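Beneath this line is the structure, given in structure tokens, with notes to follow.
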Amino acid sequence: MLDDFFMRAVLAGLGLALVAGPLGSFVVWRRMAYFGDSTAHAAILGVAMALAFEVSIYAGTLAVAVAMACLVSALVTRGQAMDTILGVLSHSALAVGLVAISFVPAARSDLSSYLFGDILAVGRADLVLIWTGAALVLAVLVLRWQRLVTSSLNEELAMAAGIDPRVERLVLSLALAVVVALAIRVVGSLLISAMLIVPAAAARTWARTPERMAAGAALIAAASVILGLWASLRLDTPAGPSIVTAAAIFFVVSQALRRA
């Protein structure tokens, strides 16, 4: 089965979906949509560094994403406005990354695959990394679920319960950095934040508890992967954008059913 490029793409997308759904729920609850953008856009700089130093794309992307996550967390704890910080860092990181990658001849001809993903080119080694990273992030979310939920919904309540919101914010930021690194080959740096936000926003319409929203977001993300890849195969459209388009359709349908 793994010799079939389409099945490898499906498995890679499902691995990302299972972790993007729950993690995206925290992004929605915390109103951190720009965080995904800033970290994902910084991934382009990680790609340029990885190619320049001839190391793994995942390693370079993860290093830059983690650095961006730590930087944002440090600035927020100093009282800076979150949306302003993330807005500046998001666009600046993308611009710096594109300038840096222009100096790497090997990346110029394949720039679109890093911007929009190339899930159909995923190999066995990529599958191992994606599923291993997703399992680790899910394990962290399960072990710290109540702490993360409490600090996301009410920081004062979290402090009263003996939970340090700064620690939970850093844990969440690092988990997002790992997911960004995993998703660079699947949907690309420009669409990663969409896979985090859109399924979670669609699931929020019907969820009555945080756990149901996280599970619903994961299911919608997984369905978007399957539907998007099927549409890409049948209609000869780009795989990454097709997956995000499918997620957007689920969101529109959920909103329409809610109003009906």
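The values are calculated or read from the model by the stated rules, or taken from the named source; none is laboratory data. Keep in mind that this is a model prediction, so the values were computed, not measured. Heads up, the Cβs are rebuilt from the backbone with ideal geometry, glycines too, and the neighbour counts pull from every protein chain shown. The accessibility values were calculated without ligands, DNA or RNA, using every heavy atom of the protein model including side chains. Shrake-Rupley method; radii C 1.70, N 1.55, O 1.52, S 1.80 Å.
Residues Ala139, Ala203: which one is within 18 Å of the chain's Cα centre (by Cα) and within 27 Å of Phe251 (Cβ to Cβ)? Testing whether each residue is within 18 Å of the chain's Cα centre (by Cα) and within 27 Å of Phe251 (Cβ to Cβ) leaves just Ala203. Here Phe53 meets the list (1) aromatic (Phe, Trp, Tyr); (2) crowded, with 20+ Cβ neighbours inside 10 Å; (3) modelled with pLDDT of 80 or more almost entirely, failing just condition (2). The single residue among Val186, Val167, Val178 that is open to solvent by 10 Å² or more (accessible area, probe 1.4 Å), in contact (Cβ under 8 Å) with a residue 60 or more places away in the chain and within 23 Å of Val66 (Cβ to Cβ) turns out to be Val178.
Flag not set for Thr39, criterion: β-branched (Val, Ile, Thr), over 27 Å from Arg212 (Cα atoms), touching a residue at least 24 places away in the same chain (Cβ under 8 Å) and buried (at least 24 other Cβ atoms within 10 Å of the Cβ). Considering the conditions (1) buried (at least 18 other Cβ atoms within 10 Å of the Cβ); (2) of a type outside the set (Lys, Arg); (3) farther than 19 Å from Val27 by Cβ; (4) modelled with pLDDT of 90 or more, Asp126 is excluded by exactly one of them, (4). Annotation note: Cβ proximity below 8 Å between a residue of the range 1-30 that is free of Cβ contacts under 8 Å to residues at least 60 places away in the same chain and a residue that is outside any helix (DSSP H, G or I) and surrounded by fewer than 24 Cβ atoms within 10 Å (Cβ to Cβ) (sequence gap 6+ or interchain) occurs for Met7/Met1. When the range 196-243 is filtered for residues that are among the aliphatic types (A, V, I, L, M), over 19 Å from Val186 (Cα atoms) and in a helix (DSSP H, G or I), the ones remaining, listed by number, are Ala201, Ala202, Ala203, Met213, Ala214, Ala215.
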